[in-house]
Amino acid sequence: MPIRRLPPETVNRIAAGEVVERPASAVKELVENALDAGATSIEVQADGGGLGRILVADNGRGLAADQLPLAIERHATSKLGPDEMGDYDLLHILTLGFRGEALPSIGSVARLTITSRAEGEADAHSILVEGGAVGDVTPAGFPGPHGARVEVRDLFYATPARLKFMKSERSEALAIAEEIKRQAMAHEAVAFSLDLDGKRTLRLPAEQAGPAGRLARLSAIMGREFSENALEIHHVRDGVTLTGFAGLPTFNRGNSAHQYLFVNGRPVRDRLLQGALRGAYADFLARDRHPLVALYLELDPTLVDVNVHPAKAEVRFRDPSLVRGLIVSGLRHSLAGAGHRAATTVATSALSGFTPGYGYVPKPSAQGFSAYQMGGWQPVSAPTPQSIPGLSEVSARAEPMAFAEPQPVHDPVDFPLGAARAQIHETYIVAQTRDGMIVVDQHAAHERLVYETMKAQMAEGGVARQVLLLPEVVELDPAEAERVAARAEELAALGLMVEAFGPGAILVRETPAMLGQTDVAGLIRDIADDLSETGQTLALKERLEEVCSTMACHGSVRAGRRLTAPEMNALLRQMEVTPHSGQCNHGRPTYVELKLADIERLFGRR
């Protein structure tokens, strides 16, 4: 068959398939156009899952009459200009859209109408495109002083084969709603509204630009509980800024649907985020639980390529290890700063957590009820009981408690976790605080304390190694073997000594002693998979942490062991100065708090 030059209409429809995959893709492109036009209010309507009708209206700068024909011409754009030398730099992108493909692509497969009044103009005009056929520019009415209204009808009517691959109207509508939510999270200072089949679905007023407004917008979309259980992130490294909010480990979900990444104001989907989150939350969550996060990266446009795909949903970083390390370290820093705080959702009536400073000492007791000589407590200069194994150790990453002499008498109900009052079912400690009560799972709490201590000791002394009697050769794909060998120094710090053994093979000489008799080949293959997927050696780290967790579990206070009042109070005091003690090693809460007001409501006193 001879080579033929395809007609423009066919070329446009082929290109449209890459840019507009489904109705949500068309909505994304139109909303990003509105944002680039400086809109502060965007209204979206969709009928029939977006296949019947889509309307995106904004109050941006609008288009003049002579600009309308150019707007629907392929590769014509106002968002990419030449430099002083007349060159167009595709790596220095300061807008959300820049290809000039969205409107022509939509117009080639649907009935597209653009109505606009340019800022400062008295008249409005419109243009119609049907299946690629462009109409004339005509005068039109417009409700606002300036902006644009883009209406798309009968999407994909010109490409019936594409319609067969669309999902149900409900699925397409949900995809549109998800896209609007992502755009709204990226631009908190812009008001968004969404109507689906004439029903009000979303109303998001404009918020103040900045962290407070961003958290308010995130809470409106992800739920009110998110603001109560979110940690603020702000981290800078080598010119890259990471901000946003991450949920406490005890505030988690069974899937990763509530994990969002924004790069220079652009919602993106990137495997890097999943790998970084897995590394940051590794010791806090079980593998089937996922944190809620919204992270925002700001960096020089030349350090990130947004031109990877016409849909612009993926990006490529020039230095992915820098970005990954920034996300992991930023999250870990914030999680460590959360202290023993647990999510407010661990009990229906719990209102809030609290984050005391390390080495917390309450103020001397005020007038009123005192815990003196009740529940086994006596006035002492520091917590004294040391009969529980591990409680005599300084907790991981915690400063020693400093006490001045002479020390005034303190009432333990003023400590964050209060004074121990009882032990029920030989498993749970009931403590009284000044304004409520705390219920602690003694085994889960002490397991976390021992685990943090073991991690600190492992970090200080390194990972002990065991020499294999016969070095083991593990065969891999050549590219995988090269990736593993390149990380030999990092693996050595974790107790695994490897080296290249010709193309496509790795020689293992030593393994971490903590793992005992382990499947060396399986371990190396898991590490290779992690490096391929996330660029991190998570498999080995997770195995070491799993062993530490198991050892901590066996070395902790068991459920069913009866504790004395001094032992219970010692456990509470150590929890208060140990990071992450609000959750066990699997992300479950170690304590639940009930405020006095909540208890009074249970008995009708409020």
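Data table
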quantity	calculated
The range 178-330, relative contact order in percent, only Cα pairs under 8 angstrom and at least six apart counted	21 percent
Neighbourhood charge, 10 Å Cβ-Cβ cut-off, centred on residue 165 and excluding it, Lys, Arg +1 and Asp, Glu -1	+3
Listed peptides 464-475, 430-441 by packing density, highest first (mean Cβ within 10 Å)	430-441, 464-475
Aspartates and glutamates with Cα under 14 Å of residue 455, excluding same-chain neighbours fewer than 8 positions away	283, 393, 447, 542, 545, 546
Gyration tensor verdict on the range 415-525 (Cα atoms; rounded if a/c is under 1.5, prolate if a/b is larger than b/c, oblate otherwise)	prolate
Assigned charges on the beta-carbon of Lys, Arg, Asp, Glu; the range 175-275 dipole about Cα centre (debye)	140 debye
Principal axis dimensions, the range 96-158 - Cα atoms, whole angstrom, descending	35, 27, 17
Rule-of-thumb Rg ratio for the range 166-309 [Cα; 2.2 N^0.38 Å; N residues]	1.09
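Throughout, read-outs are computed from the coordinates displayed, never taken from laboratory work. The model shown is predicted, which means the values in this text are computed figures rather than measured ones. All Cβ positions, glycine included, derive from the backbone under ideal geometry; neighbour counts span all protein chains shown.
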